[in-house]
Amino acid sequence: MKKLLSLVLISFFTVTAATAQVDRIDPPFWWAEMPVQELQIQLYGDELGLYRASIDYPGVILKSQYAVDSENYLFLYFDISPKAKPGTMKITLTHHGKARTIDYELKQRDSRVGKNQGFDSSDLVYLMMPDRFANGNPDNDTIEGMLEAANRQDPTKRQGGDIQGVMDHLDYIKDLGMTAIWFTPIFENDMYPEYGAYHGYAATDLYKVDRRFGSNEEYKALIDAVHDKGMTVIMDMIHNHIGDQHWWMKDLPTKDWVHDFETYGQTNYRGVIAGDPYISKADKDRLLKGWFVKEMPDLNQHNELLADYLIQNTIWWIEYSGIDGIRMDTYVFPYEDYMARWAKEVLEAYPEFNIVGESWVEGVIAEAYWQYDEPGVDDGYNSHLPSVTDFQFALSTRDALNENFGWNTGVTKLFYVFNQDAAYADPMLNVIFLDNHDMSRIFEHVGKDEAKFRMLYKFLLTARGIPVVYYGTELMMGHENRGGDDEGWRQTMPGGWPGDSRSVFSRNGRTDKENEIYDFASKLGKWRQTSDAARFGTTLHFLPEDGVYVFFRIHDNQTIMVIMNQNDDAKTINAHRYREVLESFTSGTEVETDKKFNVGSDFQAPGKTTLVLELD
Ligand code: CA
């Protein structure tokens, strides 16, 4: 536990203590005139817990300092008033008459235009894993002193993709109509090779970009470059766990910094039990305190020093890098009061910002529970989280076209996706997707049926919410005979690596089919940017009949009609049935084919097709 130290320390005698050795200072620097006034500094070094700090800097007060179970840590809390100017603060550490002064920089805040923009339903998000997208710098594939080297022979291991690789292909992403990029985590994951931490979710240093991806400076430069292209960046963070090679694990600050694996074992992964009025304490404990896997120690966010550290780490990255949003991993596994505090404090500091929490649960009520102010469960809990990952959308949509039409099956499943939206505080902020880095690719999931794939892509881009496209989907990527696991759905982009036999990043490197799908995705993505109905419209839908689901998105003077016909054959669309919308219109232009439809009377919807008609 932490221990508050007296601020006034009188030394009665002097011994030959060595000068304080400071191995780490987290955060490495801070800024003046920040939207939060408190600053926690974690100092780490041999016996630093024995030292007492003092400071003399205009506008800055040392409020408190804590020694902890390990004598090698000292936690300092400062109040940085709005009057404090940028400069170098001198922090003096004293022990038995020995003093050492360390410099701590308060930087000038960066006033670059375009920082911290947030994201919403006007966005189309491209999700990628930096290790798997493109290798722009083969020199950083293997870094001396880091535990895992790149291994192109083994698809379950690190491939060498990096920040430069993304930088090299921003135009490719933008040309798809994407407006935002979500990268899986870029934190240092210096884990042993057997584990395979290329995915980034086993952080070993929360203040450092993994050097196999690049440097902190390169990450910041990438975000600037993305902003210059008119797109935004969503950063992936993890507060539930760290990698077991995190430097803390060699010398934990406190005994309760992580939950005890011997006591709690592995988590039950069932975020669905939050909000459950009947749930046992044992199951709740197992969810919250069990480890995600043995290699990922479970952080105890009820330790206040750790909670403050994590929240401040988030604010540091937002300020440092200019990111526009966060995707918080495993949102349902940490203590929910901590996650609520985190979201609230981050959004109070950066009101334009947005956060989506990974809420992989079963059922709409459980999903909606994690969105702020959700109306469904009256237990007093407010997550303050704007966006949830709408797994109910994903799971229903993935299966809908693999089933025959019925009362609850086929396209009726798509109807149900929206039918229960009253459970959400704001379903327009739900992040929607067909697949991601933890699921089979959608093309594979629909049995490599191109018609189904195209139907769902158009559905994704016209449904309410914030659509996310998993990299490679724009090429209709499948698992390429690599099996039904991570190595199947996380493969590298051909052309991203020196020596690849072709490059999908150029038209002449793509197959004819890939060009066809790329053009399809690009046209729809760019169209979506111009469509207020698709981005902001209210939804009006009709019960599916005979394998046909029809919904409208309506926004001021623009209305789109989306018709999903899952039958092999064409079906007649009865204009009279949809007259409450159609009576104001005479024709519709299909956004993919530019074909005109006369919607004033009955018309034919082709089989296994989604039509998106702009009505006029
Ligand atoms: Ca590389």
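If you go through the stretch 525-573 one residue at a time, how many are among the charged types (D, E, K, R) and farther than 26 Å from GLU474 by Cα? Step through it out loud before you land on a result.
Of the residues in the stretch 525-573, the ones among the charged types (D, E, K, R) are 526, 528, 532, 535, 545-546, 553, 556, 568-569, 571.
Filter once more, so that each one left must be farther than 26 Å from GLU474 by Cα: 545-546, 556, 569, 571.
Selection size over the stretch 525-573: 5.
Give all pairs with beta carbons closer than 6 Å in which a residue from the stretch 250-263 that is farther than 27 Å from LEU50 by Cα meets a residue that is of a type outside the set (D, E, K, R); count only pairs at least 6 apart in sequence or on separate chains.
Sorted first by the residue in the stretch 250-263, then by its partner, the pairs are PHE261/TRP291.
Could you please find all residues in the stretch 247-292 being in contact with a His (Cβ under 9 Å, 6 or more places away or on another chain), over 27 Å from ASP390 (Cα atoms) and in a loop (DSSP other than H, G, I, E, B)?
Once the filter is applied, which keeps residues that are in contact with a His (Cβ under 9 Å, 6 or more places away or on another chain), over 27 Å from ASP390 (Cα atoms) and in a loop (DSSP other than H, G, I, E, B), the stretch 247-292 yields only ASP256.
Do the conditions hold for ALA20, that is, is it modelled with pLDDT under 95 and either part of a strand (DSSP E or B) or touching a strand residue (DSSP E or B) at 6+ places or on another chain (Cβ under 6 Å) (or both)? Write out each step before concluding.
On the way: modelled with pLDDT under 95: yes; either part of a strand (DSSP E or B) or touching a strand residue (DSSP E or B) at 6+ places or on another chain (Cβ under 6 Å) (or both): yes.
Yes: the conditions hold for ALA20.
Would you mind telling me which numbered condition in (1) buried (at least 23 other Cβ atoms within 10 Å of the Cβ); (2) more than 18 Å from GLU319 (Cα to Cα); (3) among the aliphatic types (A, V, I, L, M); (4) within 15 Å of the ligand (Cβ to nearest atom) ALA149 fails?
Of everything listed in (1) buried (at least 23 other Cβ atoms within 10 Å of the Cβ); (2) more than 18 Å from GLU319 (Cα to Cα); (3) among the aliphatic types (A, V, I, L, M); (4) within 15 Å of the ligand (Cβ to nearest atom), ALA149 misses just condition (1).
Collect the residues in the stretch 114-135 that are among the hydroxyl-bearing types (Ser, Thr, Tyr) and touching a Leu at 6+ places or on another chain (Cβ under 9 Å), keeping them in residue-number order.
Going through the stretch 114-135, the residues among the hydroxyl-bearing types (Ser, Thr, Tyr) turn out to be 121-122, 126.
Answer for the stretch 114-135, where residues must be among the hydroxyl-bearing types (Ser, Thr, Tyr) and touching a Leu at 6+ places or on another chain (Cβ under 9 Å): SER121, TYR126.
Just one of (1) buried (at least 22 other Cβ atoms within 10 Å of the Cβ); (2) within 14 Å of the ligand (Cβ to nearest atom); (3) among the small types (Gly, Ala, Ser) trips up ALA202, so point out which.
(2)
When you scan the stretch 81-96, do you find a residue that is within 16 Å of the ligand (Cβ to nearest atom) and in contact with a Lys or Arg (Cβ under 9 Å, 6 or more places away or on another chain), even just one? Give the derivation first.
The initial filter retains those residues of the stretch 81-96 that are within 16 Å of the ligand (Cβ to nearest atom), namely none.
No: the stretch 81-96 contains no residue that is within 16 Å of the ligand (Cβ to nearest atom) and in contact with a Lys or Arg (Cβ under 9 Å, 6 or more places away or on another chain).
Condition check: exposed (fewer than 15 other Cβ atoms within 10 Å of the Cβ) and either modelled with pLDDT of 95 or more or not in a strand (DSSP E or B) (or both). Does ASP79 satisfy that?
Details: exposed (fewer than 15 other Cβ atoms within 10 Å of the Cβ): yes; either modelled with pLDDT of 95 or more or not in a strand (DSSP E or B) (or both): yes.
In short, yes.
Residue pairs, Cβ under 6 Å, 6 or more apart or interchain, first in the stretch 271-299 and free of Cβ contacts under 8 Å to residues at least 40 places away in the same chain, second part of a loop (DSSP other than H, G, I, E, B). List them.
Close Cβ pairs (under 6 Å, with a partner that is part of a loop (DSSP other than H, G, I, E, B)) amount to ILE273/ILE279; ARG286/ASN268; LYS289/HIS259; GLY290/GLY265; GLY290/THR267.
Kindly list the number of the only condition in (1) modelled with pLDDT of 95 or more; (2) surrounded by 19 or more Cβ atoms within 10 Å (Cβ to Cβ); (3) touching a Gly at 6+ places or on another chain (Cβ under 9 Å) that fails for LYS448.
The number of the failed condition is (2).
Looking at GLY114 and the list (1) more than 12 Å from the ligand (Cβ to nearest atom); (2) out of contact with any His (no Cβ under 6 Å at 6 or more places or on another chain); (3) in a loop (DSSP other than H, G, I, E, B), which single condition is not satisfied?
Only one criterion is unmet by GLY114, namely (2).
Does the stretch 176-184 contain any residue that is in the same structural domain as TYR518 (by TED's automatic domain parsing) and within 14 Å of the ligand (Cβ to nearest atom)? Give the steps one after another, and end with the answer.
Just the residues of the stretch 176-184 that are in the same structural domain as TYR518 (by TED's automatic domain parsing), to begin with: 176-184.
Then drop every residue that is not within 14 Å of the ligand (Cβ to nearest atom), which leaves none.
No: the stretch 176-184 contains no residue that is in the same structural domain as TYR518 (by TED's automatic domain parsing) and within 14 Å of the ligand (Cβ to nearest atom).
Residue-wise test of (1) farther than 17 Å from GLU217 by Cα; (2) at pLDDT 95 or above; (3) more than 22 Å from the chain's Cα centre (by Cα).
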| residue | (1), (2), (3) |
| --- | --- |
| LYS107 | no, yes, yes |
| PRO130 | no, yes, no |
| GLY160 | yes, yes, no |
| GLN164 | no, yes, no |
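Mind checking whether some residue in the stretch 128-144 is away from the ligand (no atom under 16 Å from the Cβ) and at negative phi? I'd like the intermediate steps shown before the answer.
Going through the stretch 128-144, the residues away from the ligand (no atom under 16 Å from the Cβ) turn out to be none.
The answer is no; no qualifying residue exists.
Kindly state which strands (runs of 3 or more DSSP E) lie completely within the stretch 535-612 and contain at least 3 residues that are at pLDDT 95 or above and under 40 Å from the mean Cα position of the chain (by Cα). Give the derivation first.
Numbers: elements: 538-545, 548-555, 558-565, 571-573, 587-590, 596-598, 603-605.
So the answer is 538-545, 548-555, 558-565, 587-590.
Kindly provide the set of residues from the stretch 152-173 that are more than 10 Å from the ligand (Cβ to nearest atom) and part of a loop (DSSP other than H, G, I, E, B), ordered by number. Don't jump to the end; show me each part of the working.
Taking the stretch 152-173 and keeping what is more than 10 Å from the ligand (Cβ to nearest atom), we get 152-157, 166-173.
ARG152, GLN153, ASP154, PRO155, THR156, LYS157, HIS169, listed by residue number.
Would you confirm, using the coordinates I've provided, whether LYS85 is surrounded by fewer than 22 Cβ atoms within 10 Å (Cβ to Cβ) and touching a helix residue (DSSP H, G or I) at 6+ places or on another chain (Cβ under 9 Å)? Talk me through it step by step, then tell me what you get.
On the way: surrounded by fewer than 22 Cβ atoms within 10 Å (Cβ to Cβ): yes; touching a helix residue (DSSP H, G or I) at 6+ places or on another chain (Cβ under 9 Å): no.
The answer is no for LYS85.
May I ask you to list the residues in the stretch 327-369 that are touching a Gly at 6+ places or on another chain (Cβ under 6 Å), in a loop (DSSP other than H, G, I, E, B) and of a type in the set (A, V, I, L, M, F, W, C)?
Once the filter is applied, which keeps residues that are touching a Gly at 6+ places or on another chain (Cβ under 6 Å), in a loop (DSSP other than H, G, I, E, B) and of a type in the set (A, V, I, L, M, F, W, C), the stretch 327-369 yields VAL332, PHE353, VAL361.
Between residues in the stretch 117-139 that are of a type in the set (A, V, I, L, M) and residues that are within 16 Å of the ligand (Cβ to nearest atom) and not in a loop (DSSP other than H, G, I, E, B), which pairs lie under 7 Å by C-beta distance while being six or more apart or on different chains?
From residues that are of a type in the set (A, V, I, L, M), the pairs are MET128/PHE183; MET129/HIS199; ALA134/GLY165; ALA134/VAL166; ALA134/ASP168.
Rundown of residues vs (1) more than 25 Å from ASN135 (Cα to Cα); (2) crowded, with 19+ Cβ neighbours inside 10 Å, yes/no style:
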| site | (1), (2) |
| --- | --- |
| LEU461 | yes, yes |
| PRO467 | yes, yes |
| GLU480 | no, no |
| PRO494 | no, yes |
| SER506 | no, no |
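Of these, ASP210, ASP228, ASP256, ASP236, which one is of a type in the set (Asp, Glu), away from the ligand (no atom under 16 Å from the Cβ), in the same structural domain as TRP316 (by TED's automatic domain parsing) and surrounded by 18 or more Cβ atoms within 10 Å (Cβ to Cβ)? Give the steps one after another, and end with the answer.
On the way: ASP210 fails: away from the ligand (no atom under 16 Å from the Cβ); ASP228 fails: surrounded by 18 or more Cβ atoms within 10 Å (Cβ to Cβ); ASP256 fails: surrounded by 18 or more Cβ atoms within 10 Å (Cβ to Cβ).
Only one candidate passes the filter, namely ASP236.
For GLU188, indicate whether it is within 16 Å of the ligand (Cβ to nearest atom), of a type in the set (Asp, Glu) and at negative phi.
On the way: within 16 Å of the ligand (Cβ to nearest atom): yes; of a type in the set (Asp, Glu): yes; at negative phi: yes.
Answer is yes for this residue.
The values are calculated or read from the model by the stated rules, or taken from the named source; none is laboratory data. This one's a predicted model, so the numbers in the text were calculated from it and none came from an experiment. Glycine gets a Cβ as well: all are built from the backbone with ideal geometry, and neighbour counts include every protein chain shown.
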